[in-house]
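Notes for the one structure printed next.
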Amino acid sequence: MFENLQPAPADKILALIGLYRADPRPGKVDLGVGVYKDRDGKTPVMRAMREAERRLLQSQDTKTYLGL
């Protein structure tokens, strides 16, 4: 059943994350996942995100994802 499946191409984001982890430089910047972290390594919820979530909660009547 699976003999005709072709391997998927390598994920570029995962490759970038691997390169980041392998880089020994202390001043490097992680551009892999787009997550902001403060000096303590925490990911704060920014005010703009809280407001966007509030607006979504007020207007959403479903959690169904739209198709591509």
I'd like to know which of T64, P44, Y20 lies farthest towards the positive end of the charge dipole of the chain, counting +1 on Cβ of Lys and Arg and -1 on Cβ of Asp and Glu.
P44
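Write out the trypsin sites (Lys or Arg not before Pro) in the range 1-56 meeting two conditions: DSSP loop, and at most 10 other Cβ atoms within 10 Å of their Cβ. The partial results should precede the final answer.
Details: sites: K12, R21, K28, K37, R39, K42, R47, R50, R54, R55; in loops: K28, K37, R39, K42.
Within the range 1-56, the qualifying trypsin sites (Lys or Arg not before Pro) (loop, at most 10 other Cβ atoms within 10 Å) are K37, R39, K42.
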Among (1) 18.9, 50; (2) 11.0, 31; (3) 17.0, 50, the value of Rg and Dmax of the Cα atoms in Å computed for this structure carries the label (1)
Exposure proxy order (Cβ contacts within 10 Å, fewest to most) of M46, M1
M1, M46
Order these by the 10 Å Cβ neighbour count, fewest first: Y65, Y36, Y20.
Y65, Y36, Y20
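The numbers here are math on the coordinates, done by the rules we state, and not lab data. From a predicted model like this one, the values you see are computed outputs, not experimental measurements. Neighbour counts are summed over all protein chains in view; Cβ atoms, including those assigned to glycine, are modelled from backbone coordinates with ideal geometry.
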